[in-house]
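Where a number appears in this text, it was derived from the coordinates with a stated rule and is not lab data. Everything numeric in this text was worked out from a predicted model, so none of it was measured. For neighbour counting, all protein chains shown are included, and Cβ atoms are generated from backbone atoms with ideal geometry for every residue, glycine included.
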Amino acid sequence: MATQHSRSAARLMMAPAVVLLLGWMLVPLTMTLYFSFKKYLPLRGGDLGWVGFENYTRFLTSSAFWPSVQTTLIIVGGVLAITVILGVLLATLLNQPMWGQGAVRILVIAPFFVMPTVSALVWKNMFMDPNYGLLAHLWKLFGATPIEWLSQASLTSIIMIVSWQWLPFATLILLTAIQSLDSEQLEAAEMDGAPPIKRFGYITLPHLSRAITVVILIQTIFLLSIFAEIFVTTGGAFGTKTLSYLIFQRVLESQNIGLGSAGGVYAIILANIVAIFLMRIVGKNLDA
Amino acid sequence: MARSTTTQRKALNTAFAWGIGLLIFFPILWTILTSFKTEATAIADPPVFVGFEWTLENYTAVLERSNYARFLWNSIIIAGGSTILGIIIAVPAAWSMAFVPSKRTKDILMWMLSTKMLPAVGVLYPIYLLFIKLGILDTRVGLTIVLMLINLPIIVWMLYTYFKEIPGEILEAARMDGASLREEVIYILTPMAIPGIASTLLLNVILAWNEAFWTLNLTAAKAAPLTAFIASYSSPEGLFYAKLSAASTMAIAPILVLGWFSQKQLVSGLTFGAVK
Amino acid sequence: MGRITLDQVSKSFGDVEVIPPLDLTIEDGEFTVFVGPSGCGKSTLLRLIAGLEDITSGQIRIDSQDATNVPPAKRGLAMVFQSYALYPHMSVRKNIAFPMKMAGIAQDEQDRRIEAATTALNLTDYLDRRPGQLSGGQRQRVAIGRAIVREPAAFLFDEPLSNLDAALRVGMRLEISELHERLKTTMIYVTHDQVEAMTMADKIVVLQAGVIEQVGSPLELYNTPCNRFVAGFIGSPKMNFLEGEAAAKYGAHSIGIRPEHLNISTDEGAWKATVGVAEHLGSDTFLYVHPEGNEGETMTVRVDGEFAVRHGDTVFLTPREDLIHKFDAEGLRIP
């Protein structure tokens, strides 16, 4: 669609971004791969030589590995289920005619803009504290014994906090998708005699399927690496150690770089599997 | 729907939606309210909602004790700097991909997106090491660069999406009218793209402001932004609810305001144009 | 001056050759229309002349200067786009001034030309408005104004009227024709509408699949189309084609007869037919009739004034022998 001249100019203009990202990707990645094949303990002797795949097998066979995978899956799965289901319902509700729709939208979106450390701390202290937290007061109001949220129901608590942060994202995207539904389609279905529930099931929900997939994939990418929420609340205790938190501990807390790097490679592979699916969807959209 | 709903139905929707909206917003509201209480009122049993004596003492306490201004300044420099730097690098790239697409444009875009998906923890140590070697650990420069790089794919994507919407004929008209590439960018493209650039700027300031992995792991005392400032409340001081609330309110207030402005662009920006 | 010569010009997108090598000369001051169905390559051809696309092979000369590798801005051509392509963030005045600003023309000269152009185009009241605040016709005139002030060697129009409603289209058509009469500058005009081609052109270039089918004045194309494609494309309503027995009688594979060249009668004639639809416009009557023995076919007949028949009536058609077009099996005209 253009002439030779503009094409070479275009290549030049793209160069800085491409070079920077290429460096940002390749340099650390190569280093991680390099360390993952070494016994490397900066505080206890430094570089102790090549060890082949030992770090990889050790990471997999360590007692902390499988629980961390399980924790990761529970947190990601739980948050996805909550945000998608509530997101669809909330988006449908917000799409109804009402007064002050814009204001409600703003209220619903707000948690997304709260920095993770703030939301984790606020929930931890002001809501989930077994003595002074609001939830404790609520439990007492009904005569129940307050729960020690972050130790007794640690995973549930984390899922609650993270869901609160991500529900706005899901709702906003699903709402945008619902609004793009051609109302004539719904009117045609109504003329064809479909009651509201069936209209939702046969028209609205299929229309949303793409947006739901996008929400699931993007959230998965972010949720696989949630950090601050765990760092600030439980510090990985009480069974809340996710895969990425485990790697973080290996690298920065126990300073076992080789082992942590092998874990990092696993995390990268895991993220890439999810990424491939997301990119397919985004890629399809590029053609349209 | 071009049909009027009954007032009753609308009232019901309104009540229901406002109820849920307020429930979701409540933790933020509660934090803001608590920030104006005394420490004693903050932990009163039963909790007090509005009928308390409002005080600003927590704000003054936080400001006096923790050098809040420095953390705030770090946040502003890091979030603003990384965004502006990112936009300067991304504008030419997005421009060329949108208006002079080649067969590889799509692949490059997808590849850029894929770098965004690298789990940070996987490259934590190499970056940490590089930062020590380069002497930029715990500096604003270092953090600005990292945040620019992690958000660069989103910036390129958002700008690309906006640029794509500028009709190619207008740029051709400018070329016919004798504008050079430089003049085309200055007189035609930039003014037309300003709304898109502005919303990209907004969204990325928000993302950078709230980033809480690199900011926690690559800073100590000097360059720590507000995310780290709040994280420092996680132990003993966290029990001072009113002060925690005041600090939190100050950390989130600027971004809440920006966020509400950018909510429209949020969707296409965060889904890489997959949902519009 | 504005004589444009295309010498063996071709264009391929990748492996797809959209325009096989072609030759064409557009004389100075001529109003040339490229016409053809959508996808025939007429817009691509215009963009090649403009320099917005690189040609794959061949040479483009403007006033005998080789312009093949000259960037669009330096070719001295002005273009009016289908979408008008006005700069939305600039006022009408700034839009029109833009090409002069780029060319570094002195401010007082700029003002003089803007004044002249906007007076001619009835835009003086809108100089400070933004394009978004103008109607379709006004935007079109701004786009033309922006082209005029450059005093180009030739104007290029890419389907400029297709976004206007029918009534405006007729008005703008007249304005552009009048502009051409006044400026006497070369104009190349792309359209898919054969009425625009017939009414405006000095010379029509009929294109199909990137190939020039015929070049000629409107009446040449109307009277002596060189093949069935041109015969069917030029003229409204479309020419009727008959094959088989009716054509064999004239020693042709097929014959064509324009709706206005059929004599009609309710009692006698060469072909008997039944009226399907009759459109009574007062000034003309258009009849869509099904010939006897071949009821699946529809023939169009145009009668001057009123002709009182209705659906189901029987009519008789007689072609005017001297105006029958004969074509061979390849669709080429038999003289």
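Points to keep in mind about this one:
- Rounded if a/c under 1.5, otherwise prolate or oblate - chain A, Cα gyration tensor axes: oblate
- Antiparallel content of DSSP bridges confined to the protein assembly as shown, in %, to 5: 75
- Placed amide H near residue C:204: partners under 5 Å, 5+ positions off or other chain: C:33, C:216, C:217
- Site pair residue C:128 and residue A:57 shows an inter-label distance of 8.3 nm when each label is modelled 7 Å from Cα along Cα→Cβ.
- Whole-Hz ³J(HN,Hα) from phi, Karplus 6.51 cos²θ - 1.76 cosθ + 1.60, for segment C:265-270, glycine and proline x: 8, 8, 10, 8, x, 6
- Projected label distance in nm at residue C:209 and residue C:266, using a 7 Å step from Cα toward the beta-carbon: 4.7
- Pairwise label distance in nanometres, residue C:54 with residue B:106, each label 7 Å out on the Cα-Cβ vector: 2.2
- Cα gyration tensor shape of chain B, rounded if a/c is under 1.5, else prolate or oblate by comparing a/b with b/c: oblate
- Neighbour counts of other Cβ atoms within 10 Å put B:244, C:123 in the fewest-to-most order C:123, B:244.
- Around the amide H of residue C:36, modelled in the peptide plane, lie the amide H atoms of C:191, C:207, all under 5 Å away and 5 or more residues distant in sequence or on another chain.
- FRET efficiency estimate (nearest 0.05) - Cβ-Cβ, residue A:190 to residue B:60, R0 45 angstrom: 0.15
- Using θ = phi - 60° in the Karplus curve 6.51 cos²θ - 1.76 cosθ + 1.60, the 3J(HN,Hα) couplings for segment C:138-150 round to 5, 4, 4, 5, 5, 4, 5, x, 4, 6, 4, 4, 6 Hz; x is entered for Gly and Pro.
- Placing a label point 7 Å from the Cα of residue A:276 along the Cα-to-Cβ direction, the residues of segment A:177-217 whose backbone N falls under 20 Å from that point are A:213-217.
- GNM result for chain A, Cα springs below 10 Å: residue of A:105, A:58, A:44 fluctuating most strongly: A:44
- The shape of the protein assembly as shown comes out prolate: with a ≥ b ≥ c from the C-alpha gyration tensor, a/c is at least 1.5 and a/b beats b/c.
- Amide H contacts of residue A:129 (H built 1.01 Å from N, in plane; Pro and chain starts excluded): A:134 sit under 5 Å, all sequence-distant by 5 or more or on other chains.
- Inter-part distance where segment A:157-199 and segment B:127-155 are each reduced to a Cα centre, Å: 39
- Peptide A:162-173 is shielded by partner chain Cβ atoms: per residue, an average of 2 of them sit within 10 Å of its Cβ.
- Listing A:107, A:208 from fewest to most neighbouring C-beta atoms within 10 Å gives A:107, A:208.
- The HN-Hα couplings worked out from phi for segment B:42-59 by the Karplus form 6.51 cos²θ - 1.76 cosθ + 1.60 (θ = phi - 60°) are 4, 10, 4, 10, x, x, 9, 8, 10, x, 10, 7, 6, 9, 9, 4, 5, 5 Hz, whole numbers, x standing for Gly and Pro.
- Remark: relative contact order (chain A) = 29 percent; criterion is Cα-Cα distance under 8 angstrom and separation of 6 or more residues.
- Between B:132, B:32, B:155, the residue with the greatest mean-square fluctuation in the GNM of chain B (Cα pairs under 10 Å linked by springs) is B:132.
- Förster-model FRET efficiency, 45 Å R0, residue A:198 and residue A:41, C-beta, rounded to 0.05: 0.10
- Of the residues A:120, A:144, A:91, the one that moves most in a GNM of chain A with alpha-carbon contacts below 10 Å is A:144.
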